[in-house]
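Engineer: Let me give you the structure first, and then I'll get to my questions.
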Amino acid sequence: MGAYSSFAMLALTNHVLVHMAMDGTAHYAPYGVLGDDVAIASRKVSNYYRDLLISLGVEINPIKGFDGGILEFAK
């Protein structure tokens, strides 16, 4: 995005959206956010999060997405 605050802004926005997804599913799930990268340990919450992003008009790159049972995040 080019702005100095973009990393922090994206991280905060993603935290809010993940919490909205947890509220929407009435399900808490461990998650991690690093800027514009998000890892959610619940398929139910991650699907809601994805649908929320789509409803907001956010484009999701299917090549960079991952849905599975094992993950290494922010190493």
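Engineer: Tell me the label-point distance for the pair residue 71, residue 47, using the 7 Å Cα-to-Cβ offset, in nm and rounded to one decimal.
Structural biologist: 1.6
Engineer: Using the Cα centre of the chain as origin and beta-carbon charges of +1 (Lys, Arg) and -1 (Asp, Glu), tell me which of 52, 42, 5 is placed farthest towards the positive end of the dipole.
Structural biologist: Comparing the listed Cα positions along the dipole, 42 ranks first.
Engineer: Pulled fully out, how much extra length does the chain show between residue 59 and residue 37, if you take 0.36 nm times their separation in residues and subtract their Cα-Cα distance?
Structural biologist: The residue 59-residue 37 span can extend by a further 6.6 nm.
Engineer: Can you pull the Rg over Rh of the chain, Cα-only, Kirkwood? Don't skip to the answer; put the middle values down first.
Structural biologist: Working: Rg = 12.3 Å, Rh = 13.0 Å.
With Rh from the inverse mean 1/r over Cα pairs, Rg/Rh is 0.95.
Engineer: Which value at 222 nm does the chain reach when only helices count, each DSSP H run of 4 or more adding -39,500 (n - 2.57), with the total divided by all residues and rounded to the nearest 500 deg cm²/dmol? Mind dumping the intermediate values first?
Structural biologist: Working: 2 runs with 33 residues, N = 75.
It comes out at -14500 deg cm²/dmol, rounded to the nearest 500.
Each value in this text was obtained by applying a stated rule to the coordinates, not by laboratory testing. Note that the structure is predicted; figures quoted are calculated from it, not measured. Reconstructed Cβ throughout: ideal geometry from the backbone, glycine too, with neighbour counts over all protein chains shown.
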